[in-house]
Amino acid sequence: MSEAATMADATALLHALDRRIAFHCVFVTLTGSVKAALMLSQAWHWQTYHQAGAWWCAVRDDWTPATGLTRSEQEGARTALAHVNLLESRLAGIPAKLHYRVNLSELVRQLGALQVGGGEEARR
């Protein structure tokens, strides 16, 4: 089998079996964690389907196929994101489910600080 055929086969299988998500590498700089950046990237994607500042619901079974993060990894990422004030979460509804929203003003502030001063300045 030629190298080109192997690449074509792999590409076709990935398209058939896998789901892609956008990953914003700059979120690693903001959060200090690849897992938190992965969760924030997915949260950003879901936030774009809602009005700015709107809360939206996502349960563990939504996050796992979207990100590949386990329950404990989700909890750790959510804690890290809350620590840097980029993702807010609250229980709402009956039965209670976690609702989220990206803290847009804080995200803009931190990204702006990166643009102006770079690196660690954004997280202060």
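Points worth noting:
- In order through the stretch 89-97: 3J(HN,Hα) via Karplus (6.51 cos²θ - 1.76 cosθ + 1.60), integer Hz, x for Gly, Pro: 9, 7, 8, 8, x, 10, x, 5, 9
- Annotation: amide H-H contacts under 5 Å for Lys97 (H modelled 1.01 Å from N, sequence separation of 5 or more, or interchain): Ala92.
- The phi torsions of the stretch 72-86, fed into the Karplus equation with coefficients 6.51, -1.76 and 1.60 and a -60° offset, translate into couplings of 5, 5, 4, 4, x, 5, 4, 5, 4, 5, 5, 4, 9, 6, 9 Hz, rounded to whole numbers, with Gly and Pro shown as x.
- Difference of contour (0.36 nm per residue) and Cα-Cα distance, Arg109 to Thr64: 13.3 nm
- Here the chain is assigned +1 on the Cβ of each Lys and Arg and -1 on the Cβ of each Asp and Glu. Its dipole about the Cα centre then comes out at about 440 debye.
- Accessible surface, per residue, of the chain when the full set of protein chains is kept, probe 1.4 Å, Å²: 63 Å²
- Apportionment of accessible area to carbon and sulfur, the chain, percent (1.4 Å): 57 percent
- Cα gyration tensor shape of the stretch 17-74, rounded if a/c is under 1.5, else prolate or oblate by comparing a/b with b/c: rounded
- Extended-chain gain in nm, criterion 0.36 nm per residue less alpha-carbon gap, Ala16 and Ala92: 23.7 nm
- What the phi angles of the stretch 55-64 give under the Karplus curve with 6.51, -1.76 and 1.60, with θ = phi - 60°, is a coupling list of 8, 9, 9, 8, 9, 3, 5, 7, 5, 4 Hz, glycine and proline written as x.
The values are calculated or read from the model by the stated rules, or taken from the named source; none is laboratory data. Model, not experiment: these values are computed from the prediction. Don't worry about glycine lacking a Cβ; one is built from the backbone with ideal geometry, like all the others, and counts go over all protein chains shown. Remember, those area values only see protein heavy atoms, side chains included, never the ligands or the DNA or RNA. Shrake-Rupley method; radii C 1.70, N 1.55, O 1.52, S 1.80 Å.
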